[in-house]
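Every number here is computed from the coordinates shown, using simple stated rules; none is lab data. Only a predicted model underlies this, so the values are computations on that prediction, with no experimental measurement involved. Every residue, glycine as well, gets a Cβ built from its backbone with ideal geometry; the counts of neighbours run over all protein chains shown.
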Amino acid sequence: MARFSFSPTNTVPQLNAALNNPGQFCTIAARNSQYVFHSPGIREDYKYTLTELDRKSKYVLGLSGFIVGIPIMADQLSAQSSVVCFDLACPNCYEEASITRDLTLLENQRAKCGRCGRLYDLNNQGIITDGEQGTSLYRYRIQYYPSGNNMTVNN
């Protein structure tokens with residue numbers, strides 16, 4: 001389940017880069033009444049303190065959070081590179097053991113699970129490129145409105 005909206009996207013360097021540059025990705029997670037934005041190319045995480053409106057909105061960040069960005073390779077159906085959103089949790093650890101283990105975002109548009117060791121390709125629909133066969137990353141619908149600096153994720 002995913003239901004999340006964030007604005008203004010241009011105030012968060014990690015998110016702004018991921019939404020506007022092919023090959024850039026960032027993670028979004030809820031930690032201690034904050035949204036934490038992380039990108040391997042930017043040293044410090046950006047922490048956004050939740051407002052009362054955020055708390056009342058009851059956003060759901062998937063199983064563990066999100067990975068958001070633009071793949072380098074264009075979508076096969078549309079021939080365009082558009083923003084994608086994956087769950088931050090390893091789908092195989094979740095399906096096999098009901099564990100929501102966060103993936104580690106790597107600089108080469110990959111995400112790795114520290115528990116099962118699987119490596120996922122963010123440029124190619126979140127498929128497994130190393131490790132045991134299994135399920136690709138869970139994907140959510142994402143809408144990004146650059147003119148309004150607004151992003152919405154749902155399933």
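For the range 1-58, trypsin sites (Lys or Arg not before Pro) meeting the loop criterion (DSSP other than H, G, I, E, B) and having at most 16 other Cβ atoms within 10 Å: Arg43, Lys58.
Quick check on the chain: helices-only [θ] at 222 nm, where DSSP H runs of length 4 and up contribute -39,500 (n - 2.57) each and the sum goes over total residues. Nearest 500, please. Please list the in-between numbers first.
Numbers: 3 runs with 21 residues, N = 155.
Estimated from H runs of four or more residues: -3500 deg cm²/dmol.
Extents of the range 69-155, largest first, come to 41, 23, 23 Å (Cα atoms, principal axes, whole angstrom).
Would you work out the charge dipole size for the chain about its Cα centre, treating the Cβ of every Lys and Arg as +1 and the Cβ of every Asp and Glu as -1, and quote it to the nearest 20 debye? Walk me through the numbers on the way to the answer.
Details: 14 positive and 13 negative charges, 77 e Å.
Roughly 380 debye, rounded to the nearest 20.
If you take the alpha carbon atoms of the chain and fit the smallest convex hull around them, that volume is 112 Å³ per residue. Residue order for Leu137, Leu61, Leu106, fewest other beta carbons within 10 angstrom first, comes to Leu106, Leu61, Leu137. If you stretched the chain out fully between Thr11 and Thr135, how much longer would it get, using 0.36 nm times the residue separation minus the C-alpha to C-alpha distance? So the extension gain works out to 41.2 nm.
Please give the contour-minus-distance gain from Arg115 to Tyr145: 0.36 nm per residue of separation, less the Cα-Cα distance, rounded to one decimal in nm. Walk me through the numbers on the way to the answer.
On the way: separation 30, 0.36 × 30 = 10.80 nm, distance 3.56 nm.
7.2 nm is the gain from fully extending Arg115 to Tyr145.
Residues Thr51, Thr27, Thr100 in ascending order of nearby Cβ atoms (within 10 Å, fewest first): Thr51, Thr100, Thr27.
In plain terms, the chain from Ser33 to Thr49 could stretch by 5.1 nm, reckoned as 0.36 nm per residue minus the Cα-Cα distance.
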